[in-house]
Amino acid sequence: ALYWGNFLPHHGVETIVDAAAELEQRGRDDISIVFVGTGPRKEYAETEVQRREIDNVQFEGFVAMEVLQNWIATSHVCLGVFSADKRAMASITNKVSEGVAMGKAVITERSPAIEEWFAHRESIYLVPPENGEALADAIVDCKTDPALIETLESGAYEVFESEFSQEQVGQIL
């Protein structure tokens, strides 16, 4: 699973760390979480991973756009945001829109903004905010169900094309 971004407080990286710990406790050494980027909550995430001795996480730091695109393209699932912060609940973050634009399966929190455009298990996988166990369940669900991944990937790209493509945004403007 791949997270990329600026490690902002309203992105919920704490929930991703909790999910990584949960996956490790379940013995899911076939699943790893990669963090790409930097920002205010990165040090917290790194410190917490070390403190809790979580082995299934890696931090890549800031990378060039071409490298990030490759990380996204080769990831099994992309991770959105997982905070109950009102900014997260009211927006579709870049990491979500970029993941769906690349036709990737995206897991993110259930929010009014996301649910206005996306359908759970059809075009995106939704979990409750700030719930590491539910995020771990979602990652395992995607890992063990290739048909679900295919559904999420095609559904995500359909939403992107019909609602968020350059042509659609141009018509709105």
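Within the range 31-60, residues that are under 21 Å from D141 (Cα atoms) have Cβ atoms under 6 Å from residues that are open to solvent by 70 Å² or more (accessible area, probe 1.4 Å) and polar (S, T, N, Q) in these pairs: V34/Q58, counting only partners at least 6 apart in sequence or on another chain.
Just one residue in the set S154, S123 is over 19 Å from E14 (Cβ atoms) and more than 16 Å from the chain's Cα centre (by Cα); that residue is S154. If you check S111, S154 for being within 20 Å of H76 (Cβ to Cβ) and polar (S, T, N, Q), only one passes: S154. Selection over the range 151-173 of residues that are touching a residue at least 40 places away in the same chain (Cβ under 8 Å) and small (G, A, S) gives a count of 2.
Taking the conditions exactly as written (touching a helix residue (DSSP H, G or I) at 6+ places or on another chain (Cβ under 7 Å) and of a type in the set (S, T, N, Q)), does T108 satisfy them or not?
Values: touching a helix residue (DSSP H, G or I) at 6+ places or on another chain (Cβ under 7 Å): yes; of a type in the set (S, T, N, Q): yes.
Judged against the criteria, T108 is a match.
Taking each residue of the range 2-15 that is in contact (Cβ under 8 Å) with a residue 24 or more places away in the chain and under 17 Å from E133 (Cβ atoms) and looking for partners that are assigned to a strand (DSSP E or B) and among the charged types (D, E, K, R) with beta-carbon atoms closer than 8 Å, six or more apart or interchain, yields G12/E109. Cβ-Cβ distances below 6 Å connect no pair with a first residue in the range 126-146 that is without any contact (Cβ under 8 Å) to a residue 12 or more places away in the chain and crowded, with 17+ Cβ neighbours inside 10 Å, a second residue that is in a helix (DSSP H, G or I) and β-branched (V, I, T), and a separation of six or more residues or different chains.
The values are calculated or read from the model by the stated rules, or taken from the named source; none is laboratory data. Quantities reported herein were computed from a predicted structural model and do not represent experimental measurements. Backbone-built Cβ (ideal geometry, glycine too); neighbour counts: all protein chains shown. These accessible areas exclude ligands, DNA and RNA; they are computed on the full protein's heavy atoms, side chains included. Shrake-Rupley method; radii C 1.70, N 1.55, O 1.52, S 1.80 Å.
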